[in-house]
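Reading through the structure tokens given below for one structure.
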Amino acid sequence: MPRILLIKTSSLGDVVHNLPVVADIAAARPDVTIDWVVEEAFAAIPRLHPRVSQVLPVAVRRWRRALWRPVVWGEIRAFIGHLRDQQYDAVIDTQGLLKSAWIARAARGMRHGLDRQSSREPLGWFYDRTYRVSWHQHAVERNRSLAAHALGYVHSGPVQYEISAEPKSFGWLAPERPHAVLLHATSADRKLWPEERWITLGRALAERGMTCVLPWGTAAEQERSTRLAQHIPHAVTPARLELRALASLLAQARIVIGTDTGLTHLAGALGVPTIGLYVATDPAATGLHGCARGVNLGGVGVVPAVGDVVAALDKLIDSVTGNW
């Protein structure tokens, strides 16, 4: 049975964008076994896909903060040893960065990656074969194109994420009220949607009988969630949720609205009605893509208006349920 290793370590959104590669490979080569190297913090994502056989967590982010510690070098050696215990027919690095290229070089198998014109860093030495992939494609399509070049098939048809999250009960949610998840946090302040617009949107959702849930991951995000919840009727700021629980929360939502952040992409990949809000990045390059119930609003220097968001969510919900 042929064995394929995918290397896409981070960030969360990038890992989600790599999921369609698994479906493409499985469709083109139904007999393959697919493994995946990913940052330990995001290991829950490839585990959501039924065709991913083995997830190999790596801790580059944590290791590089403490390279002087012997325990870190012990972990690195253990990871490389486990990696080299496997023999692959193809090793495909869709990350295209130094942090992923050295993993590809350490793996055993034919190594495939982006050529110099297609990646941000000159990495050709790390691979056995390199390929030209246009920068003008969405990130999802770049991943799909590279894998197709590496394995010699033509990818066509719609994007398939093919993931699902396990059902989970949240005691702090009122069972009689559907919930909306508001993902206000993002990796850079320039991507934030104004707080007053979140409040207006949250009130509109409350008027429609929704409980707004405001997850958080850092102390600053928790403060913002609490601040917003104080102005939105029935809003909930939960305790910090780990990624697997967040996937369940998103999967069970009536609608998810979020900034340019990995959790927004995860919601879209799960098939949930999702609206992505963009104020500093181009959704054509990294927005919701191939999500049947996904809508992108805004763009570079274009801040979505609350009215446009409400109109989009009403249309999305109506298309799914027929009414609220």
Exercise. Answer yes or no as to whether ALA165 is assigned to a loop (DSSP other than H, G, I, E, B), under 27 Å from GLU221 (Cβ atoms), of a type in the set (A, V, I, L, M) and in the same structural domain as THR261 (by TED's automatic domain parsing).
Key: no
Practice problem: Answer with yes or no whether GLY209 is out of contact with any Leu (no Cβ under 8 Å at 6 or more places or on another chain), touching a residue at least 40 places away in the same chain (Cβ under 8 Å) and farther than 25 Å from SER169 by Cα. | Solution: no
Quiz prompt | Pair list, Cβ < 9 Å and 6+ apart or interchain, from region 305-319 residues that are in the same structural domain as PRO194 (by TED's automatic domain parsing) and over 10 Å from PRO273 (Cα atoms) to residues that are of a type in the set (Gly, Ala, Ser) and assigned to a helix (DSSP H, G or I) | solution = VAL306/ALA204; VAL309/ALA204; VAL310/ALA204
Quiz item: What about PRO215, is it closer than 15 Å to HIS179 by Cα and under 19 Å from the mean Cα position of the chain (by Cα)?
Solution: yes
Quiz prompt | Given (1) within 21 Å of LEU270 (Cα to Cα); (2) touching a residue at least 12 places away in the same chain (Cβ under 8 Å); (3) not assigned by TED's automatic domain parsing to the domain that holds LEU48, index of the condition ARG190 fails | solution = (1)
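Listed here are the residues, each with its yes/no results for (1) assigned to a helix (DSSP H, G or I); (2) outside the structural domain of HIS17 (by TED's automatic domain parsing); (3) crowded, with 20+ Cβ neighbours inside 10 Å; (4) among the aliphatic types (A, V, I, L, M).
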residue	(1), (2), (3), (4)
SER145	yes, no, yes, no
SER156	no, yes, no, no
SER169	no, yes, no, no
ARG203	yes, yes, no, no
ARG227	yes, yes, no, no
LEU246	yes, yes, yes, yes
Quiz prompt | Close pairs from region 144-172: first polar (S, T, N, Q), partner part of a loop (DSSP other than H, G, I, E, B) and buried (at least 16 other Cβ atoms within 10 Å of the Cβ), Cβ under 6 Å, at least 6 apart | solution = SER145/VAL133
Quiz item: Being among the hydroxyl-bearing types (Ser, Thr, Tyr), more than 18 Å from LEU183 (Cβ to Cβ) and either modelled with pLDDT under 95 or within 16 Å of the chain's Cα centre (by Cα) (or both), is that true of even one residue in region 299-320?
Solution: yes
Quiz item: Of the conditions (1) of a type in the set (D, E, K, R); (2) exposed (fewer than 14 other Cβ atoms within 10 Å of the Cβ); (3) touching a helix residue (DSSP H, G or I) at 6+ places or on another chain (Cβ under 9 Å), GLU176 fails just one. Which one is it?
Solution: (3)
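I'd like to check something: does region 184-194 contain any residue that is among the hydrophobic types (A, V, I, L, M, F, W, C), over 19 Å from the mean Cα position of the chain (by Cα) and surrounded by 20 or more Cβ atoms within 10 Å (Cβ to Cβ)?
yes
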Practice problem: Scan ARG254, ARG293 and give me the residue that is in the same structural domain as LEU192 (by TED's automatic domain parsing), among the basic types (Lys, Arg) and more than 20 Å from GLN160 (Cβ to Cβ). | Solution: ARG254
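Condition first: farther than 16 Å from HIS179 by Cα and in contact with a helix residue (DSSP H, G or I) (Cβ under 9 Å, 6 or more places away or on another chain). Now tell me which residues in region 242-256 satisfy that.
Selection gives LEU243, ARG244.
Residue-by-condition table, conditions (1) of a type in the set (Val, Ile, Thr); (2) out of contact with any strand residue (DSSP E or B) (no Cβ under 6 Å at 6 or more places or on another chain); (3) exposed (fewer than 11 other Cβ atoms within 10 Å of the Cβ):
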{"site": "ALA43", "(1), (2), (3)": "no, no, no"}
{"site": "PRO46", "(1), (2), (3)": "no, no, no"}
{"site": "PRO57", "(1), (2), (3)": "no, yes, no"}
{"site": "ARG64", "(1), (2), (3)": "no, yes, yes"}
{"site": "PRO70", "(1), (2), (3)": "no, yes, yes"}
{"site": "GLY81", "(1), (2), (3)": "no, yes, yes"}
{"site": "ARG84", "(1), (2), (3)": "no, no, no"}
{"site": "GLN87", "(1), (2), (3)": "no, no, yes"}
{"site": "ASP93", "(1), (2), (3)": "no, no, no"}
Practice problem: Go through region 257-324 and tell me which helices (runs of 4 or more DSSP H), entirely inside it, have 3 or more residues that are surrounded by fewer than 20 Cβ atoms within 10 Å (Cβ to Cβ) and among the β-branched types (Val, Ile, Thr). | Solution: 306-321
Quiz item: If we only count strands (runs of 3 or more DSSP E) wholly inside region 19-113, which ones have 1 or more residues that are more than 24 Å from ALA148 (Cβ to Cβ) and either in contact (Cβ under 8 Å) with a residue 60 or more places away in the chain or of a type in the set (A, V, I, L, M) (or both)?
Solution: 52-58
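The values are calculated or read from the model by the stated rules, or taken from the named source; none is laboratory data. What you see is a predicted model; the values in this text were computed from it and never measured. For neighbour counting, all protein chains shown are included, and Cβ atoms are generated from backbone atoms with ideal geometry for every residue, glycine included.
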